[in-house]
Amino acid sequence: MIYGEEALEEAATNLESFYRYFERFHKVTRQRYFNLPAPTSRTAGEFDPAGQTLLVEMHRLRQSFLEKMDDDFNTGGALADLFDMVRELNKFANEKNLDRFAQLSPLDADYAAQLKALYADPDVQLLVRATTVLRELANLLGLFRQTPAKRGGAGEGIVPKVMELLIELRAEARGRKDFATGDKIRNRLAEIGVTLEDRKGGATEWRMGAGS
């Protein structure tokens with residue numbers, strides 16, 4: 001679980017690692033992550049890894065993710081599993097040298113034949129299948145559902161999602177009476193100009209700007 005201060009900062013910062021992978025995935029496969037069809041139910045998402053090392057690991061992480069979501073919506077731990085998935089996908093792409101497909105150009109005389117070979121490549125097909133698992137689970141957290149309108153800005157909806165996760169992590173920490181971690185989250189956010197406001201009934205709202 002990612003309750004520590006350093007881990008929380010890393011979680012917010014490393015969201016960019018997802019977008020870097022999405023760009024790499026597009027260059028390698030000529031498919032867009034945001035266009036991948038994803039299962040919409042736990043049963044529909046079940047699959048047999050069939051002994052494929054990458055799929056075995058993705059299957060394990062999927063089970064871990066779902067177990068954590070069953071455990072009182074442990075979104076912090078579930079998000080950590082998504083980070084691990086991206087690392088596995090990048091590791092596989094590196095091991096199989098899949099970036100070689102990113103070098104294909106429409107200017108090549110045999111471009112059509114090269115594309116056909118790309119789509120038929122078993123390692124590329126495996127990468128697409130494994131990435132679909134990431135898309136399924138990210139959708140469950142409400143992350144990366146649509147192509148961002150603008151990278152690096154609030155328009156892509158990432159800032160609100162990060163804030164939701166941080167607020168949930170703070171609530172989980174306070175529920176365990178770990179008030180030190182809860183205070184760290186609030187104080188660190190205040191340092192960067194984000195104010196948390198606890199409302200009656202247990203809800204917490206956030207806004208940019210110093211609090212009163």
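See the values below:
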read-out	value
Pick from the stretch 175-185, criterion touching a residue at least 60 places away in the same chain (Cβ under 8 Å) and under 15 Å from Thr195 (Cα atoms), ranking: surrounded by the fewest Cβ atoms within 10 Å (Cβ to Cβ)	Lys184
Qualifying positions in the stretch 117-150 - under 12 Å from Leu55 (Cβ atoms) and of a type in the set (S, T, N, Q)	Gln125, Thr131, Thr132
Subset of the stretch 57-72 (residues that are surrounded by 13 or more Cβ atoms within 10 Å (Cβ to Cβ) and either not assigned by TED's automatic domain parsing to the domain that holds Val133 or not acidic (Asp, Glu) (or both))	Met58, His59, Arg60, Leu61, Arg62, Ser64, Phe65, Leu66, Lys68, Met69
Condition met for Phe101 (farther than 24 Å from Phe144 by Cα, touching a residue at least 24 places away in the same chain (Cβ under 8 Å) and buried (at least 18 other Cβ atoms within 10 Å of the Cβ))	yes
Filtered residue count, the stretch 24-44, keeping only those that are within 17 Å of the chain's Cα centre (by Cα) and surrounded by 14 or more Cβ atoms within 10 Å (Cβ to Cβ)	7
Cβ-Cβ under 7 Å pairs, at least 6 apart or on other chains, the stretch 22-43 side more than 14 Å from Leu104 (Cα to Cα), far side part of a loop (DSSP other than H, G, I, E, B)	Phe34/Gln146; Phe34/Thr147
Any hit, the stretch 73-82, residues being without any contact (Cβ under 8 Å) to a residue 12 or more places away in the chain, farther than 18 Å from Thr40 by Cα and either not assigned by TED's automatic domain parsing to the domain that holds Val162 or not hydrophobic (A, V, I, L, M, F, W, C) (or both)	no
Any hit, the stretch 163-174, residues being exposed (fewer than 14 other Cβ atoms within 10 Å of the Cβ) and either modelled with pLDDT of 80 or more or not assigned by TED's automatic domain parsing to the domain that holds Gly76 (or both)	no
Subset of the stretch 45-55 [in a loop (DSSP other than H, G, I, E, B) and either surrounded by fewer than 10 Cβ atoms within 10 Å (Cβ to Cβ) or not acidic (Asp, Glu) (or both)]	Phe47, Asp48, Pro49, Ala50, Gly51, Gln52
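The values are calculated or read from the model by the stated rules, or taken from the named source; none is laboratory data. None of these values were measured; they are calculated from a predicted model. Because the Cβ atoms are built from the backbone with ideal geometry, glycine has one as well, and the counts that use them run over all protein chains shown.
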